[in-house]
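Since the structure comes first, as structure tokens, the remarks are kept for the end.
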Amino acid sequence: MSALRLSTVLVSATLATAMLPSASLSASAQVVNPADRNLLVQQNELQMLENRLQRQQFQQQQQQFRAQDRQIAPLPRPEVPQVKPSCQLQPSGSSFVSTCR
């Protein structure tokens, strides 16, 4: 075996040996007793409720922003009927006179 290959194998073996204790710690961390399981379930439910609340608040905020962005067109002026003068033709002698109010 060449010296380079031997040193590579030696370094790999050293790293693998160094990783074994941390691997066994993470494997033992997966064991959960029943009392802790309830706590984890409650924490998970709390996290889900917080996420739902944040989602609702975000949606409400977006609705408010959209409402602000919408430009409300000014209402047209209402049409007010114009009163036409009422004119009457009245005979006056040999002609007619228009009387308007």
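Before moving on, here are some points about what is shown:
- Just one of (1) of a type in the set (A, V, I, L, M, F, W, C); (2) within 36 Å of the chain's Cα centre (by Cα); (3) at pLDDT below 90 fails for Leu53. It is (3).
- Pairing each residue of the range 29-56 that is touching a residue at least 40 places away in the same chain (Cβ under 8 Å) with any residue that is surrounded by 10 or more Cβ atoms within 10 Å (Cβ to Cβ) and polar (S, T, N, Q), provided the two are 6+ apart or on different chains, yields no C-beta distance under 9 Å.
- Ala73, sole failed condition from (1) within 33 Å of the chain's Cα centre (by Cα); (2) at pLDDT 80 or above: (2)
The values are calculated or read from the model by the stated rules, or taken from the named source; none is laboratory data. Because the structure is a prediction, the values reported are computed rather than measured. Don't worry about glycine lacking a Cβ; one is built from the backbone with ideal geometry, like all the others, and counts go over all protein chains shown.
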